[in-house]
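Here's the structure, in structure tokens; my notes come after.
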Amino acid sequence: SLMKDEVCILKHSMEELNVTAYTDQLTTIPNRRAFDKAIKGLFSEYQRERRYFSLLFMDIDHFKSFNDTHGHAVGDKVLSFIASLLKKGIKGDDMVARYGGEEFVVLLPATQYEGALTVGQQLCDRVAKKNLVMGGEDKVTLGNVHISVGVATISQEDDVMSLVARADQALYTAKEQGRNRVVGERALLGCSA
């Protein structure tokens, strides 16, 4: 029936809207809103079943100067490229999202601290060994782009905010220590291993 068709079409466009609402337009990976929703889900699962999960915070190194040198169009391409590299570098239920600007996050369900460090290092290496080349005829070599990564794992004292804050702090430390590296929360001062 016509009514049924219209309802189907409406339902479909609602789903598309939903997908759009949770997708970063530039990189086509999940956006901050999708991440917020996913981490809340993992957190309530952790509260119910003590199922651990970890979080990676990552940031493209020196992205601002890169943007200033090569322009925003090239910067946008690099963001999309890094997003797809990260996406290809994770598996299963793991999720990569664009957190904002040049920041990305990876959620690792059912992953403990050591495992999360390993994934962080793999992603860091994966990005570092790519040599970026732009353009058709006149190829421009942009060299290597690097990322810094902060790692945190859920603990009993946590809420979502405190977990995010620790991953962010670890990322900040990675930048301070010279970038293109992974720092886990246990390396932060005042944390017992």
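Taking a temperature of 37 °C and a viscosity of 0.692 mPa s, what whole-number D in µm²/s does Stokes-Einstein yield for segment 67-134 with Rh from Kirkwood over alpha carbon pairs? Translational D for this selection: 251 µm²/s.
Solvent-accessible area per residue in the chain equals 57 Å², computed with a 1.4 angstrom probe and all protein chains kept. Note: relative contact order over segment 87-181, using C-alpha pairs below 8 Å and six or more positions apart, is 21 percent.
Note down the magnitude of the dipole of the chain about its Cα centre, charges +1 on Lys and Arg C-beta and -1 on Asp and Glu C-beta and zero elsewhere, to the nearest 20 debye.
360
Rounded to the nearest 5, the antiparallel percentage of DSSP beta bridges internal to the chain is 90%.
I'd like the FRET efficiency for Lys175 and Gln47, computed as 1/(1 + (r/R0)^6) with the beta carbon distance as r and R0 of 45 Å, rounded to 0.05. According to the calculation, E is roughly 0.90.
Pairs of lysines in the chain whose Cα atoms sit within less than 23 Å of one another amount to 29, provided the residues are eight or more positions apart or on different chains. Here the contact order of the chain, divided by its residue count and restricted to Cα pairs under 8 Å and six or more residues apart, works out to 22 percent.
Given a 1.4 Å probe and every protein chain left where it sits, what share in percent of the accessible area of the chain is carbon and sulfur?
53
The values are calculated or read from the model by the stated rules, or taken from the named source; none is laboratory data. Here the structure is a predicted model, which means the values were calculated and not measured. When we count neighbours, we look across all protein chains shown, and the Cβ atoms used for this are built from the backbone with ideal geometry, even at glycine. Accessible surface areas use protein heavy atoms only, side chains included; no ligands, DNA or RNA. Shrake-Rupley method; radii C 1.70, N 1.55, O 1.52, S 1.80 Å.
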